[in-house]
Amino acid sequence: MVVFVCSTLTVFAPSGDDLWVGCFARKSKPTHLKLLAGYLPIIPPPPLHPKTLEPVKPEDLSPLFPDELIKQEASSERFIDIPEEVLDVYKLWRPTPLIRARRLEKLLDTPAKIYYKYEGGSPAGSHKPNTAVPQVWCNAQQGIKNLVTETGAGQWGSALAFACSLFGLNCEVHPSPSNITEAGRRILQIDPSSPGSLGIAISEAVEIAAANADTMYCLGSVLNHVLLHQTVIGEECIKQMEAIGETPDVIIGCTGGGSNFAGLAFPFIREKLNGKINPLIRAVEPAACPSLTKGVYAYDYGDTAGMTPLMKMHTLGHDFIPDPIHAGGLRYHGMAPLISHVFELGFMEAFAIPQIECFRGAIQFARSEGLIPAPEPTHAIAATIREALHCKQTGESKVILMAKWTWSF
């Protein structure tokens with residue numbers, strides 16, 4: 001089979017047991033994004049000021065974020081336009097392919113159809129540039145020259161550095177813990193061999209941004225505007241699945257802070273709320289950091305040092321330091337507030353998978369599909385394999401859709 005992937009023309013070339021790769025015309029690419037909060041029956045709880053415990057006001061966030069991102073964070077609108085400059089950068093890798101994993105299906109001997117939305121073709125090798133580019137653009141529009149952030153496994157840090165290089169901004173990325181911030185030094189004093197966490201790294205980055213008037217902070221997950229930017233994944237995927245006449249029965253994604261999962265799932269949840277489809281939406285998290293399945297739904301800080309607003313989310317406690325599992329991008333103590341809210345409303349389900357099962361799934365996927373997944377999406381792969389094997393037992397030919405991104409180097 002020959003597969004043509006083109007940014008200006010839709011080409012499908014199915015043949016026998018070969019792959020399907022879905023792309024669609026550039027004129028059909030999303031030019032605006034829809035905010036899921038505007039479609040929910042109950043408004044999500046607001047973030048609270050850490051000192052007054054009153055709902056956060058826009059001016060409370062202005063030392064950290066530009067005005068446009070603050071507006072997106074609290075917006076009650078149903079959609080926002082994607083700026084032309086951002087769309088122009090997206091052309092480097094978007095739309096991303098929707099691929100049918102026929103060889104994995106054959107390996108599992110399942111009647112299920114398995115599709116994955118592949119985000120590994122971006123310049124940074126992951127989905128993270130989907131939000132890095134608009135975040136940097138918004139900062140550049142406000143005249144900001146310096147950005148600071150954290151990174152867990154490195155994907156977000158590299159994505160922000162890429163975006164900053166496009167718009168001429170300086171980028172400082174913090175792993176954790178370090179000895180250059182008060183928050184980092186405090187952790188190292190308690191435990192010199194601390195494995196760190198995303199919560200600690202966030203504390204360090206926020207500390208630097210708050211102390212420097214010429215510096216803003218960027219977050220790679222958790223916040224509403226980050227999840228919104230990532231929904232370009234699901235918006236594309238809806239069009240791609242329609243183009244090949246498929247409707248997903250099960251949608252699976254890995255969750256740490258939640259941006260990749262939300263990016264794929266939120267547009268489908270919106271369609272589910274509108275009564276157009278009725279898929280099962282399933283979030284999969286590490287057994288070593290199970291915020292949705294074992295955490296409490298409560299107000300908590302987004303960082304270890306308690307410098308951020310309090311957010312209503314599923315949390316293991318802001319001082320929780322996960323075991324140093326390989327999926328560094330999922331080692332976060334809390335779940336995105338909007339995902340937590342959707343979970344509480346019963347529009348999705350969640351479960352945790354241990355690391356060894358994820359690695360087994362990764363090996364099966366790599367040997368059959370020829371792509372080596374990063375540790376984070378192996379959770380979605382393992383859950384997809386579980387569902388496919390269940391279909392083998394029941395004889396159901398479900399359509400399973402999962403999020404898949406990047407490869408390990």
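The values are calculated or read from the model by the stated rules, or taken from the named source; none is laboratory data. Predicted, not measured: the structure shown is a model, and the values here were computed from it. FYI the Cβ positions are ideal-geometry reconstructions off the backbone, even for glycines, and counts take in every protein chain you see.
With the condition kept exactly as written, say whether any residue in segment 367-385 is among the aliphatic types (A, V, I, L, M), touching a residue at least 24 places away in the same chain (Cβ under 8 Å) and touching a Leu at 6+ places or on another chain (Cβ under 8 Å).
Looking through segment 367-385, at least one residue is among the aliphatic types (A, V, I, L, M), touching a residue at least 24 places away in the same chain (Cβ under 8 Å) and touching a Leu at 6+ places or on another chain (Cβ under 8 Å).
Scanning segment 323-338 for residues that are within 30 Å of Ser397 (Cβ to Cβ), among the hydrophobic types (A, V, I, L, M, F, W, C) and assigned to a helix (DSSP H, G or I) turns up nothing.
Taking the criterion of being among the charged types (D, E, K, R) and either assigned to a strand (DSSP E or B) or touching a His at 6+ places or on another chain (Cβ under 6 Å) (or both), the only residue of segment 344-371 that qualifies is Glu349.
Figure legend. Inter-residue proximity from segment 345-360: first residues among the charged types (D, E, K, R), second residues assigned to a strand (DSSP E or B) and buried (at least 19 other Cβ atoms within 10 Å of the Cβ), beta-carbon distance below 6 Å, spacing 6+ or different chains. Indicated pairs: Glu349/Arg282.
Elements of the type helices (runs of 4 or more DSSP H) sitting completely within segment 66-147 and holding at least 1 residues that are charged (D, E, K, R) and at pLDDT 95 or above: these cover 67-73, 84-90, 102-108.
Cβ-Cβ contacts under 6 Å between residues 6 or more apart (or on different chains), taken from a first residue in segment 315-340 that is basic (Lys, Arg) to a second residue that is crowded, with 21+ Cβ neighbours inside 10 Å, are listed as Arg331/Gly152; Arg331/Ser197; Arg331/Leu198; Arg331/Cys289; Arg331/Pro322. Pick out the one residue from Glu182, Glu172, Glu204 that is of a type in the set (D, E, K, R) and crowded, with 24+ Cβ neighbours inside 10 Å. When all the criteria are applied, what remains is Glu204. Consider segment 296-313 and keep the residues that are small (Gly, Ala, Ser) and touching a helix residue (DSSP H, G or I) at 6+ places or on another chain (Cβ under 9 Å). The one that is surrounded by the fewest Cβ atoms within 10 Å (Cβ to Cβ) is Gly306. A single member of Ala132, Ala112, Ala101 is of a type outside the set (Asp, Glu), touching a residue at least 40 places away in the same chain (Cβ under 8 Å) and under 22 Å from Pro66 (Cβ atoms), and it is Ala132.
Here Ser122 fulfils each of the conditions (1) over 18 Å from the mean Cα position of the chain (by Cα); (2) free of Cβ contacts under 8 Å to residues at least 40 places away in the same chain; (3) buried (at least 20 other Cβ atoms within 10 Å of the Cβ) apart from (1).
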